[in-house]
Amino acid sequence: MVEINPFVILFAAIFTNNILLSNYLGMCSFLAVSREVKASYGLGFAVIFVMTATTALNWLVYFYMLVPAGLEHFWYIIFIVVIAAFVQLVEILIEKISPVLYINLGIFLPLITVNCAIMGASLFMIIRGYDFLQSVAYGFGAGVGWALAIVAMAGIRQRIARSNVPAPLAGAGIALIIAGIMSLAFMGFSGMIQVQ
Amino acid sequence: MIEVFISMGVIGGIGAILAVVLELADRYIANYGECAVDINDGTRTLTVEGGGSLLGSLVAEGIFIPSACGGRGSCGYCKVKIAEGGGPVLPTETSWLTPQEQKNNMRLSCQVKIREDLKIHIPPELFLIKEYRGRVTRITTLTHDIKEVRIKLLEPEAIEFQTGQYMQLTVPEYGDVEESVYRAYSLSSPSFEKDEVEFIIRLVPEGICTTWVHQFLKESDEVTVNGPHGEFFLRDSDKPVIMIAGGSGLAPFKGMLRDLARQHSTRKVTFFFGAVSQRDLYHRELMAELEKELPNFKFVPALSKPAEEDRWQGETGLITDVVGRLGEDIAGSQAYLCGSPGMIDACIAVLTKNGMPQAEIFYDKFS
């Protein structure tokens, strides 16, 4: 296990190693749902919640089930299955408990099952050798970072919708260019702390 | 060898545990049991499987709440009053409900899921709405993109409605369309024809129902329709009538005019029909006949872009311009509009500007 304060990992995951802007993970939903700030908040919160919970769950599954049985090489398959099952379970629960929350958050959940940022966070925590607390901090931070990026993107795209974009770049084209520029801007943070 | 079995066991075990958890959740958490839906203080009580939408469950029980969009929450027609149960108003409904309606517990029934016993109130005339099985007797091509479909009712054999109302046509699964849907169309037949109904349907590019009608539906096919729905019908009054329609919006007026002709009405009626060019005009012979039968009826077709070969002598310009030219003579008339939302909103603006009170304007918007 590596000796890094979980708070440092949390901070790094939000800013210096933003999973979306430095690893470019979770692009599909990032481009699809960033047209409106309101919807991007919904998806952002859903990602924060699911990422935090699945990194914790996957950490437990990995170290208490896969490692003792010597089956670490199955981690990809198991992580995907755990994420899918967890998201499904949460969807059923939210639908039962709160229809309002379901409409605001629940409709994004199926989108999250196949969001590669969720899978990426689980894989990174194992590769980087985080312990349980560090993993949860990392999952939460990566979620917050992802949400931050998509809300910022939605804000920019709402303004772009009212401006004159050259026709060949309209839509996904300009969005990808903006994502690139945002990613350059976030690289400015990387001088603050270096965490791998 | 033993490792293979261990890995299969562990991986299978993890999968199985998750599957069991989900199955249990589905059985115990997502199970809402049977719920009782009480309609109009005990007039009818339904027992339905919980978990489905209120609109879908009511339709399945033969109570046809009006809905033009088929439950997607985009038309705002399926309002019902929910006196008990139903949970909080959802964000998907708020844009369709006025604050007053929200206070009165009005909800969009397509968005309300049945999770508990409900007490609801619906207008009693909705019980009159029935589902009819019919057979297509005639499909007439009116223009390059408009067809007229006549349906003989088989079960029940007759319908009571007010001329100008609409019905919903059920589209079965066909081609790439994997789910049966229904869409609303104005009746173009008059209410004295009780054993047949008629619709005028314009082909909408990539429209599920219109494509089916135009390309798949054949004479002698069996179809299902439900209705009647809507509040669009000629009001009793002596005031002169201005009818404005575009495209397939002619449908309700065809029925209304035939109704008036049968009653030998002397009411003053002017029917403005907007089209792009000559090839979009239809039913001109019928209108000429009606002009002979009705002493005070006048049909005014207007083309917005007549083609050169049309040699068009009549009115030109958008229908709003043509109506606008009447000036303030229309102030004492009643107006009936049927067509696209854009056309209707523009016409209402012109009519009210020329002094017609909003209360004398009736319309049927295609959405």
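The values are calculated or read from the model by the stated rules, or taken from the named source; none is laboratory data. The model shown is predicted, which means the values in this text are computed figures rather than measured ones. Cβ coordinates were reconstructed from backbone atoms using ideal geometry, including for glycine residues, and neighbour counts include every protein chain displayed.
Results, tabulated for the structure shown:
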item	result
Matching option when the condition is more than 10 Å from every other protein chain (Cβ to nearest Cβ), surrounded by 12 or more Cβ atoms within 10 Å (Cβ to Cβ) and within 26 Å of B:Q111 (Cα to Cα), among B:L22, B:L58	B:L58
Subset of the range B:1-52 (residues that are in the same structural domain as B:I120 (by TED's automatic domain parsing) and among the basic types (K, R))	B:R44
Which numbered condition B:G9 misses (of (1) surrounded by 10 or more Cβ atoms within 10 Å (Cβ to Cβ); (2) more than 9 Å from chain A (Cβ to nearest Cβ); (3) at pLDDT 85 or above)	(2)
Which numbered condition A:R162 fails, given (1) touching a residue at least 40 places away in the same chain (Cβ under 8 Å); (2) more than 14 Å from every other protein chain (Cβ to nearest Cβ)	(1)
Qualifying residue in the range A:45-61 (condition: closer than 20 Å to A:F124 by Cα, outside any helix (DSSP H, G or I), away from chain B (no Cβ under 11 Å) and of a type in the set (G, A, S))	no
Residue tally, condition of a type outside the set (V, I, T) and more than 7 Å from chain B (Cβ to nearest Cβ), over the range A:69-90	8
Whichever residue in the range A:15-31 is surrounded by 22 or more Cβ atoms within 10 Å (Cβ to Cβ) and under 13 Å from A:G141 (Cβ atoms) and, among such residues, is farthest from the chain's Cα centre (by Cα)	A:N17
Test result for A:A12, assigned to a helix (DSSP H, G or I) and under 23 Å from A:V87 (Cα atoms)	no
Residue in the range A:177-189 that is of a type outside the set (A, V, I, L, M) and either within 14 Å of chain B (Cβ to nearest Cβ) or under 30 Å from B:A19 (Cα atoms) (or both) present	no
Residues of the range B:86-109 satisfying the condition of being at pLDDT 90 or above and within 13 Å of chain A (Cβ to nearest Cβ)	B:R107, B:L108
Selection within the range A:1-46 - of a type in the set (K, R) and touching a Cys at 6+ places or on another chain (Cβ under 7 Å)	none
Among residues of the range B:25-55, those that are free of Cβ contacts under 8 Å to residues at least 60 places away in the same chain, part of a loop (DSSP other than H, G, I, E, B) and either in contact with a helix residue (DSSP H, G or I) (Cβ under 6 Å, 6 or more places away or on another chain) or facing chain A (nearest Cβ under 9 Å) (or both), counted	1
Residue list for the range B:166-210, restricted to those being basic (K, R) and more than 18 Å from the chain's Cα centre (by Cα)	B:K194
